[in-house]
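Notes follow once the structure below has been shown.
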Amino acid sequence: MEKRVFERPTITKLSPGLPSKHGVGTAIAPMPFVEGLKVDELIEKYGSPLFILSESVMRKNVEDVNRAFKVRYPKFQLAWSYKTNYLDAVCRVFHQEGSWAEVVSGFEYDKARRNGIPGEHIIFNGPGKKAKELAKAASEGAYIHIDHFDELYLLADVCQKQNLEARVAIRVNMDVGIYPKWDRFGFNYENGEAWDAINRIMANPKLKLMGLHTHIGTYIMTADAYKIAATKLSDLASNIAHKFNHNIAYIDMGGGFASRNTLRGAYLSGEDTTPSFDEYADAITSAIINSQIKPDKLPTIILETGRALIDDAGHIAGTVIANKRLSDGRRATIIDVGVNMLFTSFWYDHKINPTQNHSGLVEETIIYGPLCMNIDVIRPSLMFPPLKVGEHFIISRTGAYNNTQWMQFITTRPNIILIDKNRETHIVRKAETLDDIVANEEIPEHLK
Amino acid sequence: MKSNSTLVTLANGIARSYSQIFFSTDYLFAIPLLLVSFIDFSTGMAGLISVFVATSVALAINLDKETISKGLYGFNALLVGLGLGYFYDINLTLVLLAAISGFFTLLVTITLQGVLGKYYLPFLSLPFVLSMWLVLSATWQLTSADVNQNSVYLLNKMFEIGGISLVKLHGWWSSHVTSNFINGYFMSLGSIFFQFNILAGVIVAVALLAYSRVGFTLSVIGYSVAYIAYLIFGLDITQLGYSYIGFNFILSAIAIGGYFYIPSLHSYLWAILVTPVIALVTTGMVGIFKTFGLPILSLPFNIVVLFFIYTLRFRLSASGISEVLIQEGKPELNLYSYKSFAKRFPNFGWTKMKLPFFGSWMVNQAHNGEYTHKGEWAHAWDFVIVDSDGKQFRNEGLIPDDYFCYGKNVIAPAEGEVVTVDDGIDDNPIGEINITKNWGNTVVIKHADNLYSKMSHLLKGSITVREGDRVKYGTKIGEVGNSGRSAYPHLHFQLQATEYIGSKTLKYPLASYLEDNVDIKTFDYPKLYQQVQNIETDSILLNTFKLRPGQTITWKVKEGANSRTVNWEVFITPLNKLYIQCSETKAKAYFDVDGVFFYFTHFEGDKQTLLYRFYLAAYRIPLAYINNLSVNDWFPVNKTFGGLKLYLHDFFAPFIQFLSTKYQTRITRKGSEFDTEGYQLFSIVTGYFLRKVLWVRSFSITVKTNNSLYFKDEQNEIEATCEL
C-alpha cells in the first residue's frame, strides 16, 4: 500500500442544506503529466518555472480548423498570427502545416521572411507600417492590408516613386452587434468610408485590390457575429464585382476565435461556453455561399486566428515558494511564476493544477507571483489544495500571447521547451542570463 | 455551287462504289479496282454504266448525299453491271440493260436497306444477288444480246491490253506457278470483279495489300482455311478456285475478321471458325440453285455474315469479339481508334456521379467490405472523416458529437429527383445499432432510369429535401447522423437500380474524384482507407478550354523568321461531337470537355498543321489545378506513327501492339495563388517500340488569365499566340 501523503490540516466551513450556486464543492484534480511526460521530471531537467509547448496539440488544432472549413467551403487558407506567438519553432510548426504568415510590423515581417515564408504568403496588417516596410512588402508581393487613409496615401506615394505595384486589401470595421465595437482599425463599413477607400484603390493603377479584411474583435464568444461580418464583406465583394467588374481573391475574416480559457469575471467556464471551430466555420461559410457572389468567383477564406490554435498547446510548470496567511485569514500561496511571464493572467482565470495527489480538500487561496510588485497576482481567488513549499503545479492554456508579451522584469525569463510528436523534448528558447539582459546596454565613459 | 457539289457527290459515289466492294471508302483503292474491271472492256463498261445510273438516280430522287458519296448505293449496281458485261458483249442492248439494271438494283438496295435496317443489319451485296438473278433470267430471253466470249480468248485479250510482254508474262506464270492454291486465290479475287484471270487477281491482291494489311491478311486466311476445309471434306477444289465461289470466303473473312468487328485475335478466330460453315452453306446452295440454273454468286457470304452479326447481338456480355460502333471505314482505323478509345474512355456516356460530400473524407468500408457490404449489398461505400492520426473522433468518442463527420452536410452526388425520403429515426448512442430500421434516415435520388443513389444513416430531422424535389450536384440533402444500423456516425453511400430503401446495390463507378490529394481518378471505385474528395475545376482553365461551337480562334504563328496567321473554327456534328477545324487545310481535331478534363478524341487531316501539333500538345488537359499534377494518356498508334513502321505494324496490330505513343503533361501555376497570371502546361509525347524510345516531341502551352494562349512546339521552334 502506498504511503499516504501528509497534508497539513485545513479548517473548512461546514455548509449543510442545499448546495449554493457554486455547486457542491470544488475538486482540483492533480495533473502529473503533460503530453505523457512527467511534469516533475521536466522541471528537474529544465528548471523551474518552465514553459512547455506541445507540437502535436498545435498540429491537431490546425487540422481541426482546416477540417471545419474545408468540408464546407472549397478554398480556405490559414495565416499564422505572429503576434500570438512568434517563437521561430512555433511559427515553423504552423508553416509546416500549410499556414501563411500574418504580421503586423516590419519586425514580424522580417521574422516571417527569415522563417522561409515568401512575400506572397505574408499578410501585412497593422496601423503602423513605415514607408520602407511598405516598399519591401510591395516588391515581394505580400498582401498589404491598409488600415487608414494616411497609409493608403503613403503606399500610393511609395509605389509611385519607386514604380512598384502593390497587392492590397482594406481592413473594414463594422457593427456586428457585439460590444465592444472595434472601430479603431480599418475603414468603417456603415458610414461609407470603406467604399471611399475602395474607390481610391480601384482608381490607382499601382494598387491591386486583392481582398477584404475584417477583424471584429477578440475572444468573440458568439459565431453569429462572424456571420454578420461575413455577410457584410460578401456584399462589399459582390458590389465591387458589379461596379468595377473586379473579383476579389479572398476574404480575410481575421481572428478572434475564443480559446477555452475562462475570462476573468466570466460566470461559466470557457470550456463550456467557447464555440467550436465547426460553429464558427458554419457561420462564415454559409454567409459567403449564400451571398450574391457568383459560385465560380467564390473568394478564398483566410483566417488569422492565433489564440484558438496555440493557447491550449502551452503550459507553465512551476514551484511553490511559500505559503502564508493574510490578515483576513485567507491563505496566500507564492509561486515562482509572475505576471511578467504570464501576462494573460491579467484577463484569464488560468487553470492551475497540482502535479501530485492531495487529499481533495480545498481552501480559498490567493496565488501571488514572486515579483516585488503589488500587481503580481496570478489568481486573486480560487479554491485550491494546500500545496507545500517545493511542490509543483502546472498552469494550462498559456500558449497565446505570453511568449510575445512577456517581459524581463525583476527576474529573467525561463526555458521554453517543445514536446514533439515522439514525446522528445527540445529547448526552443534558452533561459535568459544576466549577459543576455545587458548585451545591448552601453555604459557612458564617465560612468565606467 | 449546288451543281458543283452534286457532281462531286456523283464522282465520289461512283469511285467509292468500287472500293466499297471491299467495305472501303478509299479513293486511291478505287483506282486499281476500276482498272481491273476494264481488263475486259465490256465488263468494265457495263459496270460503270450501271453504277453511274444508280448513283445519278439516287441523287436525282434526293437520297442521303453522305450515303451516296460513300458508294453505298452504288456498289451493288456496279456488281450487277459487271456481271452483265461479263455475260454479254458490249452493244446498245447491253448499255440499255446495264442502265436499267442499275436503276433496278438501286430500288432493291433501298428496299433491303429498309428491311434489314430495322434489325440494324447491313444489306451487304444481297441487292446484287437478287437483282442479278432476275436480270440473268430475263436476259436469257433477249435475242439482241451478244454473248461475251472474251474470257475464252484470254491471250488475245492480254495482247490487246499489255502487248507481247504481258502474254509472255502470262506464259511464264502458267509454267512456273502451277499451284492450285495460289492460282485459285488470285482467280477468286479477280472474279469479285467478274475478271476471271490471274492478272486481275494479282492487281486486286496488291491493291488490297496496299490499302489494308488487316484486310489482305484476312483474305489469305479466309481463302486458306476454305481450301483446307475443301480438302478435308473432300469437296471439289476446283469449285473453290475456278468458279465464282472462292471470293465468298475472302469477303466473309474480311467482314467478320476486320470490318464489322474490331480486328483482334478473337475476330480472326471467328473468321476462321465461320469458314467451314460457309463451305457447308455454299455446297448446300449450289445443290439447291442448280435446279433453277442460277449461280449462287455471293449469297453464302451474305447469309453467313448477316446471321453471324445478328446472332452475336444477343450476347449478354460483350467480352471477346467487339462490334464496331463507329465505322471509320477501314479495319486499321477501327482497330487503332478502338484500342485507344477503349483504353481512354471505357465509360463513355455514363452518368457522372460524384461523391456526396464536400471536403476530404476517408473510405471506411468499400465494396465487398468486411462488415456489412456483402452479398447483394456489396457495392456500397461508408465514409468518415479522420484526423492525421486516423482517428474519427476527438476526446473519447463516446458521444456522436465527438465524431468529425457527425452533422456534416450530405449533398446530392449528381442531378436528379428525390424519390424516397425516410426521416424520423432516432440517432443511436455510440456502439448501439437499430436493426429494425437498419438503413436509418435515408434519401434516395433518381439520376437516370435504373440508376439511383442512396445516402443513409442521416441525422434525424436534418433532411432538407422532399420526395419530388429536383436536386443538382451539390444540393444539400441532409447531415451525417448515426441512425439505423450504425454503431458510430458515418455516411453510407450506394448506387442501386430501384428507388426502394433496402434495394440491392449496383456496381457503378464514380465519374471523378481526387484520391489521396494527388491523383485524379475518373470512372473508378474509391478503395478502402483512401482519402477522397470531389474535384474543383479551375475557372481560368475551364473558361479557356471550354470551346464553344461557332468560336473562331486566330493564331499568330512565328516559324523562324516567318510569321503567318492560322484560323480555326469550332463546329459541332449532328451527333453532338465538337471539333476544331483548320480553315485552310480542313484538318479536324475532335474534342470533348467533361467536368475534369479537356481532351482530344480524334484527329483527321494534315499532320504538318498547327492543329495537329496542338492535338499532340493538348491531348488531355486537366481543368483543375493541383500543384505539379502530372497527367498521362496514350495516343492511337496511327495518329502518331506513319510510313513503313505503321505499315508493318498493321499486320500484328490486331494481336499485339509493338508501337505506342505516350502523352504526359505537367501543370504549373504562374503567379501566386491569389494573383494567378496563368498556367503552364508542359507536354511530352514519346513514341515507343516496345519499351525503346523512338522519338520525343515536347510542347508548352501557357494559359493566361486574360484568355490568351501561347503555344510552342519545342523541336520545330514554332511559336503561336492567340486570344480566345
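Being surrounded by fewer than 24 Cβ atoms within 10 Å (Cβ to Cβ) and touching a Phe, Trp or Tyr at 6+ places or on another chain (Cβ under 7 Å) is a description that does not apply to A:E120.
Can you tell me how many residues in the range A:293-346 are free of Cβ contacts under 8 Å to residues at least 24 places away in the same chain and in contact with a strand residue (DSSP E or B) (Cβ under 7 Å, 6 or more places away or on another chain)? Of the residues in the range A:293-346, 2 are free of Cβ contacts under 8 Å to residues at least 24 places away in the same chain and in contact with a strand residue (DSSP E or B) (Cβ under 7 Å, 6 or more places away or on another chain).
Of all residues in the range B:263-317, which are over 23 Å from B:F233 (Cα atoms) and surrounded by 17 or more Cβ atoms within 10 Å (Cβ to Cβ)? Within the range B:263-317, B:P263, B:S264, B:S267, B:L294, B:L306, B:I309, B:L312 meet the criteria. Among the residues of the range A:261-272, some residue qualifies, meaning at least one is out of contact with any helix residue (DSSP H, G or I) (no Cβ under 6 Å at 6 or more places or on another chain) and either buried (at least 21 other Cβ atoms within 10 Å of the Cβ) or within 14 Å of chain B (Cβ to nearest Cβ) (or both).
A residue that is among the hydroxyl-bearing types (S, T, Y), within 14 Å of chain B (Cβ to nearest Cβ) and surrounded by fewer than 20 Cβ atoms within 10 Å (Cβ to Cβ) can be found somewhere in the range A:298-311.
Once the range A:34-77 is narrowed to residues that are of a type in the set (F, W, Y) and at the interface with chain B (Cβ under 9 Å from one of its Cβ atoms), the residue that is farthest from A:I352 (Cα to Cα) is A:Y73.
Within the range A:185-198, if we keep just the residues that are in contact with a strand residue (DSSP E or B) (Cβ under 8 Å, 6 or more places away or on another chain) and assigned to a loop (DSSP other than H, G, I, E, B), the residue that is farthest from A:H148 (Cα to Cα) turns out to be A:Y189.
Taken over the range B:514-538, the criterion of being part of a strand (DSSP E or B) and either small (G, A, S) or away from chain A (no Cβ under 14 Å) (or both) is satisfied by B:E515, B:D519, B:I520, B:K521, B:T522, B:F523, B:D524. Tallying residues that are in a loop (DSSP other than H, G, I, E, B), within 12 Å of chain B (Cβ to nearest Cβ) and either among the hydrophobic types (A, V, I, L, M, F, W, C) or farther than 18 Å from A:E35 by Cβ (or both) within the range A:78-102 yields 1. Just one of (1) buried (at least 19 other Cβ atoms within 10 Å of the Cβ); (2) without any contact (Cβ under 8 Å) to a residue 40 or more places away in the chain; (3) charged (D, E, K, R) fails for B:E66. It is (1).
Here B:I256 clears all of (1) among the hydrophobic types (A, V, I, L, M, F, W, C); (2) on the phi > 0 side of the Ramachandran plot; (3) under 28 Å from the mean Cα position of the chain (by Cα) except the condition numbered (2). For first residues located in the range B:671-687 and within 14 Å of chain A (Cβ to nearest Cβ), partners that are of a type in the set (F, W, Y) and crowded, with 17+ Cβ neighbours inside 10 Å and lie 6+ apart or on another chain with Cβ distances below 8 Å form the pairs B:F674/A:Y143; B:F674/A:Y250. Taking each residue of the range B:388-411 that is more than 8 Å from chain A (Cβ to nearest Cβ) and looking for partners that are among the hydroxyl-bearing types (S, T, Y) and outside any loop (DSSP other than H, G, I, E, B) with beta-carbon atoms closer than 7 Å, six or more apart or interchain, yields B:Q392/B:Y403; B:F393/B:Y403; B:G397/B:Y403. Within the range A:197-226, residues that are within 14 Å of chain B (Cβ to nearest Cβ) have Cβ atoms under 6 Å from residues that are buried (at least 21 other Cβ atoms within 10 Å of the Cβ) and acidic (D, E) in these pairs: A:G211/A:D252; A:H213/A:D252, counting only partners at least 6 apart in sequence or on another chain.
Scan the range B:376-387 for residues that are in a loop (DSSP other than H, G, I, E, B) and either surrounded by fewer than 16 Cβ atoms within 10 Å (Cβ to Cβ) or within 11 Å of chain A (Cβ to nearest Cβ) (or both) and jot them down. Let's see the steps before the verdict.
Going residue by residue through the range B:376-387, those that are in a loop (DSSP other than H, G, I, E, B) are B:378-379, B:385-387.
Once the filter is applied, which keeps residues that are in a loop (DSSP other than H, G, I, E, B) and either surrounded by fewer than 16 Cβ atoms within 10 Å (Cβ to Cβ) or within 11 Å of chain A (Cβ to nearest Cβ) (or both), the range B:376-387 yields B:I385, B:V386, B:D387.
Exactly one residue out of A:A79, A:A89, A:A101, A:A112 is in contact with an Asp or Glu (Cβ under 7 Å, 6 or more places away or on another chain) and touching a residue at least 12 places away in the same chain (Cβ under 8 Å), and it is A:A79.
All of the numbers you see were taken from the coordinates with simple rules; none came from a lab. Because the structure is a prediction, the values reported are computed rather than measured. Ideal geometry is used to build each Cβ from the backbone, glycine not excepted, and the neighbour counts take in all protein chains shown.
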